[in-house]
Amino acid sequence: MTEELDDILYEHLRMEVDRGQESVRIDKYMSEHLQHSSRNRIQKAADAGFIQVNGKAVKSNYKIRPGDIITLMLDRPHYDTKIEPEDIPLDVVYEDDELMVVNKPAGLVVHPGVGNFHGTLVNAVAWHLRNLPTYDPNDPSVGLVHRIDKDTSGLLVVAKTPDAKTELGAQFFNHDTHRSYQALVWGNFTEDTGCIEGNIGRDPRDRQRMAVFPAGGDVGKTAITHYSVLERYGYTTLVECRLETGRTHQIRAHMKHIGHPLFADERYGGMEILRGERTASYKAYIQNCFKLCPRQALHARTLGFVHPVTREQMDFTAAMPADMEALLDKWRNYTKIKE
C-alpha cells in the first residue's frame, strides 16, 4: 500500500492449470473456473496487479500455459477474527458515494494484524460507514486502496465500492497516482534535488526491515524515489519525496541507503545522533527533539488520483501534524542560534 505498504499482498486463492489445458487468456480461464466471478471483475483485478502467475503479476490478456500456478493476491490477509466497527476519531478530508480520503495520525495502525486486531484505521472506517448497507469491512473488494506505516502520518484513500477499489488499485499499480511526502532526515545534501533507484526487498538479517538491492537485479522490487531539499538545518534537512513506486518502507530504506536516515526512525538507525556536535548540550537538545517527535519524521502530505467514476483529477493536501511542525520549529530556532 502500499513508503508504504501498498505492495504487501496476501494469497487468497491458488490454482494450477491442468497439463492438458489449451492456451487461453487468463481472464477467460478464471471466469470459467471460479463461481461468482465475472470476466470483467477478473480483468479489473488483473489490471490492478492482484492476479499473479508463477509469482509475477500479469495482465488480463496473459495466455495461460499447462502447469502455471495462478494466485489471487489481495492487500489484506485472511483473519479468524471479524473486523468490527469501533468509534475511533477519523479525520475525513473528502467523501462521496465512491470513496473517501482520510488523514491518518501517527501512531494509528492502518490494518488489523498480529498484535493489533482492534483499534485500527480499518475499524474506524467501519464505524464511519456502519450505516452504509453496501459496505462490508470484511469484504476485501472494498476498503483501503493503499497503506502507510503506523508511525507515518498523512493521506490515504478508501474505496466504498468494489469497482472504485479495482479502478483505484489499477492506478496505484500502474504508478498513475501522485504522492509526495515530507521527511526530516539526518545530514546535509550537496545537491538540491536527486533520484534514488534501487530494488527494495526484505533485509535477510532483519525481516522487519527492508533493504536496498541493485536496480534491475533479481532481488527485490523496482523502487524509485525523487527528492528535493525544502529546508536545511545544518545537521538535518527537510526534504520532499515523490514516489514513482510505492514499496514497503520505500522512503525509509532509500534514505538510509544514501546515508540520510529519517530523523527518529529507530528501525533504520535514525534514533541515534548521526550528525552534529559532541557537547553535552547538543546531546540534550537531540534527546529533547526525540521526545518532541518520538517517531520517524515522515508525513504523507499530498495525494492525487483520477476519480474512478467522474474521471476528474482529485488532489489533496494534509497540513504538517503538530509533532513534526514543533520538531521543525525547534530545528529552525537552533539554526538561527548557530548563525
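The values are calculated or read from the model by the stated rules, or taken from the named source; none is laboratory data. Keep in mind that this is a model prediction, so the values were computed, not measured. Using ideal geometry, Cβ is built from the backbone for each residue, glycine included, and neighbour counts are taken over all protein chains shown. Side chains included, ligands, DNA and RNA excluded: accessible areas come from the protein's heavy atoms. Shrake-Rupley method; radii C 1.70, N 1.55, O 1.52, S 1.80 Å.
Can we say Asp265 is under 15 Å from Thr152 (Cβ atoms) and open to solvent by less than 10 Å² (accessible area, probe 1.4 Å)?
Working: under 15 Å from Thr152 (Cβ atoms): yes; open to solvent by less than 10 Å² (accessible area, probe 1.4 Å): yes.
Spelling it out, Asp265 is indeed under 15 Å from Thr152 (Cβ atoms) and open to solvent by less than 10 Å² (accessible area, probe 1.4 Å).
Restricting attention to region 268-280, which residues are over 20 Å from Asn333 (Cβ atoms) and open to solvent by 40 Å² or more (accessible area, probe 1.4 Å)? Talk me through it step by step, then tell me what you get.
Filtering region 268-280 down to residues over 20 Å from Asn333 (Cβ atoms) leaves 268-272, 274, 278.
Those that are over 20 Å from Asn333 (Cβ atoms) and open to solvent by 40 Å² or more (accessible area, probe 1.4 Å): Met271, Glu272, Leu274, Arg278.
Restrict the check to region 283-293 and report whether at least one residue is open to solvent by less than 20 Å² (accessible area, probe 1.4 Å) and either under 30 Å from Tyr94 (Cβ atoms) or within 19 Å of the chain's Cα centre (by Cα) (or both).
Taking every residue of region 283-293 in turn, at least one turns out to be open to solvent by less than 20 Å² (accessible area, probe 1.4 Å) and either under 30 Å from Tyr94 (Cβ atoms) or within 19 Å of the chain's Cα centre (by Cα) (or both).
Being outside any strand (DSSP E or B), surrounded by fewer than 17 Cβ atoms within 10 Å (Cβ to Cβ) and either touching a Phe, Trp or Tyr at 6+ places or on another chain (Cβ under 8 Å) or among the acidic types (Asp, Glu) (or both) is the filter here, so list the residues in region 235-258 that pass it. Steps first, please.
Filtering region 235-258 for residues outside any strand (DSSP E or B) gives 235, 244-258.
Those left that are additionally surrounded by fewer than 17 Cβ atoms within 10 Å (Cβ to Cβ): 244, 258.
Answer for region 235-258, where residues must be outside any strand (DSSP E or B), surrounded by fewer than 17 Cβ atoms within 10 Å (Cβ to Cβ) and either touching a Phe, Trp or Tyr at 6+ places or on another chain (Cβ under 8 Å) or among the acidic types (Asp, Glu) (or both): just Glu244.
Residue by residue, here is whether (1) in contact with a Ser or Thr (Cβ under 6 Å, 6 or more places away or on another chain); (2) open to solvent by less than 20 Å² (accessible area, probe 1.4 Å); (3) aliphatic (A, V, I, L, M); (4) more than 21 Å from Gln208 (Cβ to Cβ) holds:
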residue: Glu84; (1), (2), (3), (4): no, no, no, yes
residue: Glu95; (1), (2), (3), (4): no, no, no, yes
residue: Met100; (1), (2), (3), (4): no, yes, yes, yes
residue: His118; (1), (2), (3), (4): no, no, no, yes
residue: Leu121; (1), (2), (3), (4): no, yes, yes, no
residue: Leu132; (1), (2), (3), (4): no, no, yes, yes
residue: Ile148; (1), (2), (3), (4): no, yes, yes, no
residue: Thr152; (1), (2), (3), (4): no, yes, no, no
residue: Phe172; (1), (2), (3), (4): no, yes, no, yes
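Go through (1) modelled with pLDDT under 95; (2) open to solvent by 70 Å² or more (accessible area, probe 1.4 Å); (3) polar (S, T, N, Q) and name the single condition Thr335 misses.
Thr335 satisfies all of (1) modelled with pLDDT under 95; (2) open to solvent by 70 Å² or more (accessible area, probe 1.4 Å); (3) polar (S, T, N, Q) except (2).
Only residues in region 264-280 that are among the basic types (Lys, Arg) count as the first member; pair them with residues that are modelled with pLDDT of 95 or more and open to solvent by less than 40 Å² (accessible area, probe 1.4 Å), Cβ under 6 angstrom, at least 6 apart or cross-chain, and list the lot.
Arg275/Trp186; Arg275/Gly187
Among the numbered conditions (1) modelled with pLDDT of 95 or more; (2) part of a strand (DSSP E or B); (3) of a type in the set (A, V, I, L, M, F, W, C), tell me where Met210 comes up short.
All conditions pass for Met210, except number (1).
If you go through region 30-69 one residue at a time, how many are closer than 29 Å to Thr177 by Cβ, charged (D, E, K, R) and in a loop (DSSP other than H, G, I, E, B)?
Of the residues in that region, 1 qualify.
Is it the case, given these coordinates, that Val93 is modelled with pLDDT under 95 and of a type in the set (A, V, I, L, M)?
Values: modelled with pLDDT under 95: no; of a type in the set (A, V, I, L, M): yes.
For Val93, the condition - modelled with pLDDT under 95 and of a type in the set (A, V, I, L, M) - is not met.
Would you point out the residue of region 189-207, among those that are assigned to a strand (DSSP E or B) and in contact with a Phe, Trp or Tyr (Cβ under 8 Å, 6 or more places away or on another chain), that is surrounded by the most Cβ atoms within 10 Å (Cβ to Cβ)? Outline the logic, then answer.
Taking region 189-207 first, the residues assigned to a strand (DSSP E or B) are 193-197, 199-203, 206-207.
Those left that are additionally in contact with a Phe, Trp or Tyr (Cβ under 8 Å, 6 or more places away or on another chain): 193-196, 199-201.
Values: Thr193: 11, Gly194: 14, Cys195: 11, Ile196: 21, Asn199: 19, Ile200: 25, Gly201: 18.
Going through the qualifying residues, I end up with Ile200.
What are the residue pairs meeting all of these: first residue in region 299-324, first residue under 18 Å from Ala48 (Cβ atoms) and open to solvent by 30 Å² or more (accessible area, probe 1.4 Å), second residue of a type in the set (Gly, Ala, Ser) and outside any loop (DSSP other than H, G, I, E, B), Cβ atoms under 9 Å, and 6 or more apart or on different chains?
Within 9 Å, the pairs are Val309/Ala164.
Can we say Glu244 is within 16 Å of the chain's Cα centre (by Cα) and among the acidic types (Asp, Glu)?
Details: within 16 Å of the chain's Cα centre (by Cα): yes; among the acidic types (Asp, Glu): yes.
Taking the combined requirement at face value, the residue satisfies it.
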